[in-house]
Amino acid sequence: MGHRSGIYIDDVDSAFRSTVAQILLQNGFIILVFIFVGLFISKNLTDPINRIVEAQNRIAKKDLTISL
């Protein structure tokens with residue numbers, strides 16, 4: 001009797017699916033990190049701008065008691 005050697009398609013398919021799942025999980029985590037960093041940066045940029053706009057609106061209404 002001869003020995004048969006080779007690979008099974010099911011084994012290849014299983015390895016492929018495992019690799020794809022791992023890559024998707026890693027990329028999903030990286031995307032979430034970028035989203036949170038982006039939100040943090042945008043909040044730190046927009047809050048001071050909103051305070052300036054509010055101060056300008058108060059000055060336009062003749063309220064000169066504010067401090068910038």
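Quick notes on this structure:
- Conditions (1) modelled with pLDDT of 90 or more; (2) in contact with a helix residue (DSSP H, G or I) (Cβ under 9 Å, 6 or more places away or on another chain): number failed by Ser67: (1)
- A Cβ distance below 7 Å, combined with a sequence gap of six or more or placement on separate chains, defines the contacts here; from segment 29-57, residues that are surrounded by 10 or more Cβ atoms within 10 Å (Cβ to Cβ) reach residues that are among the aliphatic types (A, V, I, L, M) in the pairs Ala55/Ile66; Ala55/Leu68.
The values are calculated or read from the model by the stated rules, or taken from the named source; none is laboratory data. Worth saying up front: this structure is predicted, and the values here are computed from it rather than measured. Because the Cβ atoms are built from the backbone with ideal geometry, glycine has one as well, and the counts that use them run over all protein chains shown.
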